[in-house]
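All of the numbers you see were taken from the coordinates with simple rules; none came from a lab. Just so you know, these numbers come straight off a predicted model, no measurement behind them. Glycine gets a Cβ as well: all are built from the backbone with ideal geometry, and neighbour counts include every protein chain shown.
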């Protein structure tokens, strides 16, 4: 029996949520979605201009770095995700990329690789870092996140650390680009005004929050699409 989409994540929707725009990549055919391979990932990240570091503009925020790991298996390009433990002090039970806080004096890329090893067992020497996405802040402003995109040589052996990770899984890029899986909502947040919020309803889990913002930026980059005006 197929697992229901969406899972049991608690999503704190404010009053007055409005439907947002459709997926910018919604016009892609199934063949075009399946054609995105790790070569496309490399070329898209190589042509991306380096963004301005966000951290200096958020002096009170904790720096964190995440790894966005791609690999190919049986002709499909896949992406590794985790579900955070419900025992963690923040973002309990949310779907996330492997990652965490940056140590004093530690480089951002090194932190992303270290956290991926500690959380799910991805060895740094197996990761080819192909680029960095724009830094972003969590809605509450507690963290400034630096996402690094990596390519693995094949399906990794994933061993979740139970102290931090409740589940580790992978999903195809073709599924993430299926317009039926994606939804956008507009939330009116105190002190921030109206903001678009992105959601992917996968089997057993929903991707939302900062991870969804990273994923949205990444998929528009890989598909060469842009949000509707």
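Apply the Kirkwood formula to segment 93-229: the hydrodynamic radius equals the inverse of the mean of 1/r over all pairs of different alpha-carbon atoms; give it in Å with one decimal.
Mean inverse Cα-Cα distance, inverted, gives 16.4 Å.
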For 218, 113, what's the fewest-to-most ordering of other Cβ within 10 Å of each Cβ?
-> 218, 113
Computed over the Cα atoms, what is the radius of gyration of the chain divided by 2.2 N^0.38 Å, N being its residue count?
-> 0.97
MRE, 222 nm, helices only [DSSP H, n ≥ 4, -39500 (n - 2.57), over the chain, to nearest 500] = -5500 deg cm²/dmol
